[in-house]
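Below: the structure, in structure tokens.
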């Protein structure tokens, strides 16, 4: 639940349920049908989570104490593109445990080489997420070369363009 740009968790079994919050200067209490289901100290740090471990699903709890350094170390074992993808994910997500499954969780099923190639493809496509990497592996597009990128079209005041050269003696 987001309150004043800060994220407070509720028990994971209540995901997508409508809850209410009571907010004071020091606490945030969350209620489901009048029953308190969570209580947190209020935080003013924007875009950061306040999490109670018992509210997390068990796969997230297993990794909650992992540091960014440990996550990066595990990604490096997969390959350089997995490490790059994990770096992007860790910088962009408020909850690290949501991000590193992208490469690490798929290694067991597809192997290190394919997982690293899928991470490379996800980076090229600017789609750094678990769903993107999983779809790339499922569809086998990690085994094909990435699409060639066209040279960017330049727009600048000092570029004359074709109309300048196609003038018919107007001077």
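The values are calculated or read from the model by the stated rules, or taken from the named source; none is laboratory data. Here the structure is a predicted model, which is why all the values come from computation and not from measurement. Note: ideal-geometry Cβ built from the backbone for every residue, glycine included; neighbour counts use all protein chains shown.
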### Query
Got a number for residues in the range 6-31 being surrounded by 10 or more Cβ atoms within 10 Å (Cβ to Cβ) and out of contact with any strand residue (DSSP E or B) (no Cβ under 8 Å at 6 or more places or on another chain)?
1
### Query
Taking the range 85-99 on its own, how many of its residues are surrounded by 20 or more Cβ atoms within 10 Å (Cβ to Cβ) and at pLDDT 75 or above?
3
### Task
Return only the number of the condition from (1) surrounded by 15 or more Cβ atoms within 10 Å (Cβ to Cβ); (2) at pLDDT 90 or above that residue 36 does not satisfy.
(1)
### Message
Just to be sure before I move on: is residue 58 in contact with a strand residue (DSSP E or B) (Cβ under 8 Å, 6 or more places away or on another chain) and over 19 Å from residue 129 (Cβ atoms) in the structure I sent?
### Response
no
